[in-house]
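> Here it is, the structure, as structure tokens.
The values are calculated or read from the model by the stated rules, or taken from the named source; none is laboratory data. These numbers were taken from a predicted model, which means no experiment stands behind them. We place every Cβ from the backbone using ideal geometry, glycine too, and count neighbours over all the protein chains shown. The protein model used for the area step is the full one, side chains on, heavy atoms only, and it has no ligands, DNA or RNA in it. Shrake-Rupley method; radii C 1.70, N 1.55, O 1.52, S 1.80 Å.
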Amino acid sequence: MSTEVNQELTDKIASRMKLLVFVLVVVPMILMAIYTEYRFRSIKAIVPYQTAGERDEARMELDVIPFHPVVGQRLYVPAYSHIYHQEGDPYLLTVTLNIRNTDMDNEIVVTSVRYFDTGGKELRSLLTKPLLLSKLAATEFVIARDDKSGGSGSSFIVEWQAGSEVSQPIVETVMVDTSSTQGISFTASAVVLSEDVK
């Protein structure tokens with residue numbers, strides 16, 4: 001008789017513990033997941049993702065440059081397809097080359113964007129035609145995280161031209177990885193190689 005009472009008491013305690021765990025752990029997790037999904041959707045509705053191709057008025061490919069350039073530059077931009085960590089293991093990064101026209105009155109044309117590896121070998125050109133950037137417009141080019149071809153010393157050579165004197169554009173790379181619990185990000189700025197590229 002006492003063993004039946006003990007078993008009944010044990011079953012009641014176990015079922016109450018399960019209920020307590022469900023109420024204190026599972027229900028809050030479900031509510032948190034619903035809240036997080038709701039927040040992501042509301043943020044997405046407020047700030048919709050905009051791909052580069054959707055900015056047609058500020059960024060367009062040109063068959064010919066619409067002016068005789070009088071000002072321009074050739075720029076060297078460092079990039080890091082990976083860096084080394086721990087025992088010298090490569091840590092892969094996504095590279096974004098960002099070009100910003102800082103002039104408030106004039107457009108510029110990006111005439112060349114070429115990607116080079118650590119040994120200085122040109123891997124590819126990222127432009128098929130010159131690219132017009134309206135005043136204060138920006139554009140970007142992305143090297144995917146899994147693209148290991150550039151290496152730790154990769155770089156871009158960027159050339160741009162303008163039809164009149166303009167303020168110098170900001171050209172930089174942003175290296176990012178968020179695949180692990182601890183993300184990493186840093187930037188590198190362009191260096192002027194030559195002025196008045198014709």
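> Can you tell me which condition Val171 does not meet? The list is (1) buried (at least 17 other Cβ atoms within 10 Å of the Cβ); (2) among the aliphatic types (A, V, I, L, M); (3) in contact with a Ser or Thr (Cβ under 6 Å, 6 or more places away or on another chain), and all the others hold.
The single condition Val171 does not satisfy is (3).
> For segment 174-190, name all the residues that are under 15 Å from Asp147 (Cβ atoms) and either surrounded by fewer than 16 Cβ atoms within 10 Å (Cβ to Cβ) or hydrophobic (A, V, I, L, M, F, W, C) (or both).
Those that are under 15 Å from Asp147 (Cβ atoms) and either surrounded by fewer than 16 Cβ atoms within 10 Å (Cβ to Cβ) or hydrophobic (A, V, I, L, M, F, W, C) (or both): Met175, Val176, Ser179.
> Please tell me if Asn98 is modelled with pLDDT of 95 or more and surrounded by 14 or more Cβ atoms within 10 Å (Cβ to Cβ).
yes
> Then there's this: Could you list, in sequence order, the residues of segment 169-187 that are more than 16 Å from Leu97 (Cβ to Cβ) and not in a strand (DSSP E or B)?
Matches in segment 169-187: Thr178, Ser179, Ser180, Thr181, Gln182, Gly183.
> A further question on this structure: Before we move on, is Gly53 of a type outside the set (A, V, I, L, M, F, W, C) and modelled with pLDDT under 80?
Yes, satisfied.
> Take the residues in segment 145-179 that are of a type in the set (Ser, Thr, Tyr) and within 19 Å of the chain's Cα centre (by Cα); name whichever of them is farthest from Leu133 (Cα to Cα).
Ser179
Condition check ((1) over 14 Å from Arg59 (Cβ atoms); (2) buried (at least 17 other Cβ atoms within 10 Å of the Cβ)) across all residues:
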residue	(1), (2)
Ala79	yes, yes
Glu87	yes, no
Ser112	yes, yes
Phe116	yes, yes
Lys129	no, no
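> List every residue pair whose Cβ atoms lie under 6 Å apart, where the two residues are 6 or more positions apart in sequence or sit on different chains, the first residue falls within segment 114-125 and is farther than 13 Å from Ile143 by Cβ, and the second residue, located anywhere, is part of a strand (DSSP E or B) and open to solvent by 80 Å² or more (accessible area, probe 1.4 Å).
Sorted first by the residue in segment 114-125, then by its partner, the list stays empty.
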